[in-house]
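None of the figures in this text is laboratory data; all of them are computed from the coordinates on show. No experiment lies behind these values; they were computed from the predicted model shown. All Cβ positions, glycine included, derive from the backbone under ideal geometry; neighbour counts span all protein chains shown.
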Amino acid sequence: MLIGLVAALVACFGYGTASVLQAYGARSAAAKDAARGTVGSTTATGAPSLAATVRAALTPAFLAGMALDGLGFMGSVVSARLIPLFLSQTIMSANLVVTAVLGVIVLKVRLRLRDWVAIATVVISLCVLGFTSGHIGEDVPGGAVHWGVLAFSVAMVAIGLGLIRVLGARGAVAAGLVAGVLFGAMAVAVRVVAGVDPFQPTVVLADPAAWAAAIAGVGGFYLFTVALQIGSVTGASAALVAGETVVPGIVGVLLLGDTSAPGLGWLVVIAFVGAVGGAIAVALFGAAESDQTAPVLEQR
């Protein structure tokens, strides 16, 4: 249990710091494209082109963020296997606080009182979840769950790409939310994949859940990168938090047997809703702030 908690905290700080570094890299790449007058850096709807996203991903700051993402991924894998998913994912969702604080320092993001209240709601809710969590479920899911998470991951990647195409520059929160759902699906896939303990490579590769983890991870990473390019880092990160917390939390309880402390299920539900609701509030506030500042940035 303790190892799982520590791993989730490592993932929390890794992901939170990575988001800010990646946002910094994306902004610097966009500024260079604008200064050079690079043709084809955006689509007709204002979304960044694939080439622009690749250029953003190759900046030093973004590469450093990717390294921290790797650390966060290892922490998330360990925590997903050792503690209930609703607990591991909500602890990792506290990376929103890390992102917010570092965003103020590094990106000069201005947070209002309402933002801090929403962030505080998330933190308090996470603390409550930590004290009310029970045991990790030992239910062994059937093959339908393994195939289901694969089909779900493929469908969400397609939906995310479609939303970016339709919404363009207004799709930051939508892209962040779908990325979060994909990362949540990845956590479920990691939890159920066979052949991990003891490690059997052939069994892992034959399991649809392993492919689901790969597809969800790559798809979520790309969509979150796009979200950071076109929107507020706090807004995109909060949308990500909401998505990656809800899906695995519900699946863990309903299908995998994760439990809360005896008699405290009602408190877990309240804290879970508080954590997700606070994250959604920050996402909406961040999106509104981004929309208000966009014209100013264009004039400069």
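For residue 42, nonlocal amide neighbours, meaning residues 5 or more places apart or on other chains whose placed amide H falls under 5 Å from its own, are 49. Shown here for the stretch 149-210: chymotrypsin sites (Phe, Trp or Tyr not before Pro) in loop regions (DSSP other than H, G, I, E, B) with at most 12 other Cβ atoms within 10 Å, namely 199.
Using the Cβ-Cβ distance between residue 3 and residue 58 with R0 set to 25 Å, the FRET efficiency works out to roughly 0.10. Remark: the residue 36-residue 264 segment gains 76.3 nm on full extension, using 0.36 nm per residue and subtracting the alpha carbon distance.
Please name which of 152, 251, 279 has its Cα lying farthest along the dipole of the stretch 2-299 towards the positive end, using unit charges on Cβ (Lys, Arg +1; Asp, Glu -1) and the Cα centre as origin. Of the options given, the answer is 279. Note on the chain: with a GNM built from Cα contacts shorter than 10 Å, the maximum mean-square fluctuation among 143, 37, 180 falls on 37. Protection proxy ranking for 81-91, 218-228, 63-73, using the average of other Cβ atoms within 10 Å per residue and placing the highest first: 81-91, 218-228, 63-73. Taking 7 Å steps out from each Cα toward its Cβ at residue 273 and residue 110 produces label points 3.5 nm apart.
Between residue 28 and residue 120, the modelled labels are 3.5 nm apart [label points 7 Å from Cα along Cα→Cβ].
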